[in-house]
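All remarks here apply to the structure that follows.
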Amino acid sequence: MTVHNFARSLAASNAQADNPIWLEVYRKAFPNLAAATCVRQDGWAQRGGIDRVLVLGSGKTLHVDEKVRAVDYGDVLLEYWSNAERREPGWVAKDLACDYIAYAVLPSRVCYLLPFQSLRYVWRENCGRWCEQYPRVKADNRTYTTVSVAVPKVVLFDALRDSMTIQWEAA
């Protein structure tokens, strides 16, 4: 189990906020990007999972939670307990205000823009099976433990694709 230092992790996260990859990713994903504002200060936006606010040419705003992996393990690490001891849900299990999770894997030079509401839906539908089937990753933060599950990319992306088709019963 890895021991994390919160102050060091926060400093590393803040350093990634200035990484030029973000603007490159957002310009490619949203060709009509007009502005991108980094949200660093603690407050309702940060606590709601908003690291960056994007404004498109149409005036539409998008809220993005940015995650960075320094190693490509071929998976997406979904944090389901932020504090396991207090039963505080992790980012995949709570109701955040973001539209996307921007999940950048630095050595592969790839960023996955995961639609957050769809991601939460597939998490609720599959969490039990995924937690049984795939490796759980615990991070000992000295006074609390964060728990995530490493879901293979192909499994997660198949579930996200399937979530875009909704069937209903005949009335």
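The values are calculated or read from the model by the stated rules, or taken from the named source; none is laboratory data. On a predicted model such as this, the values are computed, not experimentally measured, just so you know. Cβ atoms come from the backbone with ideal geometry, glycine included; neighbour counts cover every protein chain shown. Accessible surface areas use protein heavy atoms only, side chains included; no ligands, DNA or RNA. Shrake-Rupley method; radii C 1.70, N 1.55, O 1.52, S 1.80 Å.
Tabulated data
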read-out	value
Sparse-neighbour loop sites [GluC sites (Glu not before Pro); segment 72-151; at most 15 other C-beta within 10 Å; DSSP]	E85
Additional length obtainable on full extension of the chain from Y121 to N141, 0.36 nm per residue less Cα span	4.4 nm
Whole-angstrom Cα spans of the chain along principal axes, big to small	54, 43, 32
Apportionment of accessible area to carbon and sulfur, segment 83-131, percent (1.4 Å)	44
Farthest positive-ward along the chain dipole, Cα basis, beta-carbon charges - from L160, P89, Y26	Y26
Per residue value of the accessible surface for the chain (all protein chains in place, 1.4 Å probe), Å²	61
Span from the segment 47-78 Cα centroid across to the segment 94-140 one, whole angstrom	11
Check: segment 108-150 dipole with +1 on Lys, Arg Cβ and -1 on Asp, Glu Cβ, in debye	100
Exposed trypsin sites (Lys or Arg not before Pro) absent - longest run of the chain, DSSP non-H/G/I/E/B, at most 12 other C-beta within 10 Å	1-59
Helix-derived mean residue ellipticity, 222 nm - over the chain, DSSP H n ≥ 4, -39500 (n - 2.57), to 500	-9500 deg cm²/dmol
